[in-house]
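Have a look at the structure below, then the notes.
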Amino acid sequence: MLTSLQIFFLFMAFSQFVLGILGNGFLGLINCIHWIKRSKISLPDFIIMNLAFSRIFLQCVVIFDATVLVLYPDFYYGMTISQIRETGWTLSNYFSIWLSTCLSVFYCLKIAIFSHHAFLRLKRRISQVVACILLTCGLFFFFNIVLHVRKFDIYSGLLKMRLITNYTENVRRKERELYVFYLLSLLLLLIPFIIFLFSCLLLILSLRRHTRMMQHHVTAPRDVSTKAHVRATIIMFSFLLLFVFHSVILLIGTAITFLQDAKLIMIIELAIPVYPSVHTFILILQNKNLKQAFLRLLWLKKGCMKGGVRGCFTH
């Protein structure tokens, strides 16, 4: 029999799952359609499309983890389920964070204005810079896989040792070794975090400086442009806050790995999908074309629900 806390947790987890799939599925589908129609795709659209798909995968991992935790708690820490969970978490978070970093760097180099020669040189080579980041992502990915395999070797040995011994010194040593590998995996994510943080702050600084310069002018076109820059600054600042929040949650999630506290795990699993879901809807709403297409989609679905199949064809 499920408790009220477990029912609430599953309700919130599935609600976030539906919202995440709706937003990221729409974003990925729109970019795929444009790619097919035009037979080409721009670099930011390509990054956003893959980012959306990686976040869909992350949402699926979260809902799988939540379902097993509540409905099959006896299997949650078993070797097979742990391998599936950890592999899913590692892949989805890794690609989601690196692709977010690529998007942040692209917008920084594309929009920010600085006179430093190094920045101007990078600005002229945006595609090469992003490609270099993606290549770095691939190289670190293979290293991450090695760490991942090693973690499971240690975890498998630890489970066997717990079956035949109590918490002896050997078991504690294995736990410390496993914790070190978890920390190494987190350190790999520290690199894209620093790049994201630096590029976001540069862009926010540039936008703020440009906005202050434009506020001295009172003509209508300048006023409209100033509002656009203020809106862009707010959007980038929200991206930054969400990304930092997500990174802190991942850090806490790693720290409580060995506590095996179901309530703490529930809190972490409800917090992790916040960034990929909210960030996606911000991307949609700040783009006029995407916003209109999304509203048309919602209107079409509303018509289908009211009028059945006929309602779908009358819109």
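Kindly evaluate I33 against the criterion of being over 18 Å from the mean Cα position of the chain (by Cα), outside any loop (DSSP other than H, G, I, E, B) and farther than 26 Å from F9 by Cβ.
Considered against the rule, which asks whether it is over 18 Å from the mean Cα position of the chain (by Cα), outside any loop (DSSP other than H, G, I, E, B) and farther than 26 Å from F9 by Cβ, I33 comes out as yes.
Restricting attention to the range 226-253, report how many residues are farther than 16 Å from C108 by Cα, surrounded by 18 or more Cβ atoms within 10 Å (Cβ to Cβ) and either at pLDDT below 75 or of a type in the set (V, I, T) (or both).
Looking only at that region, the number is 2.
Search the range 1-24 for residues that are within 12 Å of R55 (Cβ to Cβ) and pair each with any residue that is among the aromatic types (F, W, Y) and part of a helix (DSSP H, G or I) when their beta-carbon atoms are under 6 Å apart and the residues are at least 6 apart or on different chains.
G23/F281
For the range 78-90, check the following and say yes or no: at least one residue is touching a Lys or Arg at 6+ places or on another chain (Cβ under 6 Å) and either acidic (D, E) or assigned to a helix (DSSP H, G or I) (or both).
No, every residue in the range 78-90 fails to be touching a Lys or Arg at 6+ places or on another chain (Cβ under 6 Å) and either acidic (D, E) or assigned to a helix (DSSP H, G or I) (or both).
Could you look through the range 83-116, keep only residues that are of a type in the set (G, A, S) and crowded, with 18+ Cβ neighbours inside 10 Å, and pick out the one that is farthest from H148 (Cα to Cα)?
A112
What number of residues in the range 61-82 are charged (D, E, K, R) and either touching a Pro at 6+ places or on another chain (Cβ under 6 Å) or within 18 Å of H148 (Cβ to Cβ) (or both)?
So the answer is 1.
So, in the range 139-159, of the ones that are among the aromatic types (F, W, Y) and either exposed (fewer than 14 other Cβ atoms within 10 Å of the Cβ) or free of Cβ contacts under 8 Å to residues at least 24 places away in the same chain (or both), which residue ends up farthest from L178 (Cα to Cα)?
Among those residues, the one meeting the criterion is F142.
Got a number for residues in the range 190-225 being closer than 29 Å to S277 by Cα and either modelled with pLDDT of 75 or more or crowded, with 19+ Cβ neighbours inside 10 Å (or both)?
19
Would you check which residues across the range 173-199 are in contact (Cβ under 8 Å) with a residue 60 or more places away in the chain and of a type in the set (D, E) and list them?
E175, the sole residue that qualifies.
Output the residues belonging to the range 2-38 that are closer than 16 Å to S277 by Cα, surrounded by 15 or more Cβ atoms within 10 Å (Cβ to Cβ) and β-branched (V, I, T).
I21, the sole residue that qualifies.
Select from the range 1-24 the residues that are part of a helix (DSSP H, G or I), of a type in the set (V, I, T) and closer than 14 Å to V70 by Cβ and list them in ascending order.
I7 - this is the single residue of the range 1-24 that is part of a helix (DSSP H, G or I), of a type in the set (V, I, T) and closer than 14 Å to V70 by Cβ.
Return yes when H279 is modelled with pLDDT under 85 and either small (G, A, S) or part of a helix (DSSP H, G or I) (or both) and no when it is not.
So H279 fails the test.
Answer yes if at least one residue in the range 99-122 is assigned to a helix (DSSP H, G or I), over 30 Å from R209 (Cβ atoms), touching a residue at least 40 places away in the same chain (Cβ under 8 Å) and not aromatic (F, W, Y), and no otherwise.
No, there is no match, as no residue in the range 99-122 is assigned to a helix (DSSP H, G or I), over 30 Å from R209 (Cβ atoms), touching a residue at least 40 places away in the same chain (Cβ under 8 Å) and not aromatic (F, W, Y).
From D74, D45, grab the single residue that is in a helix (DSSP H, G or I), among the acidic types (D, E) and in contact with a helix residue (DSSP H, G or I) (Cβ under 8 Å, 6 or more places away or on another chain).
D45
Filter the range 254-274 for residues that are among the polar types (S, T, N, Q) and in contact with a helix residue (DSSP H, G or I) (Cβ under 7 Å, 6 or more places away or on another chain); which is modelled with the highest pLDDT?
T254
Among the residues of the range 90-102, is any over 17 Å from P273 (Cα atoms) and at pLDDT 85 or above?
Checked against the condition, which is being over 17 Å from P273 (Cα atoms) and at pLDDT 85 or above, the range 90-102 yields at least one hit.
I need a count of the residues in the range 250-270 that are within 15 Å of the chain's Cα centre (by Cα), within 21 Å of F64 (Cβ to Cβ) and in contact (Cβ under 8 Å) with a residue 24 or more places away in the chain.
Count: 3.
The values are calculated or read from the model by the stated rules, or taken from the named source; none is laboratory data. Here the structure is a predicted model, which is why all the values come from computation and not from measurement. Every residue, glycine as well, gets a Cβ built from its backbone with ideal geometry; the counts of neighbours run over all protein chains shown.
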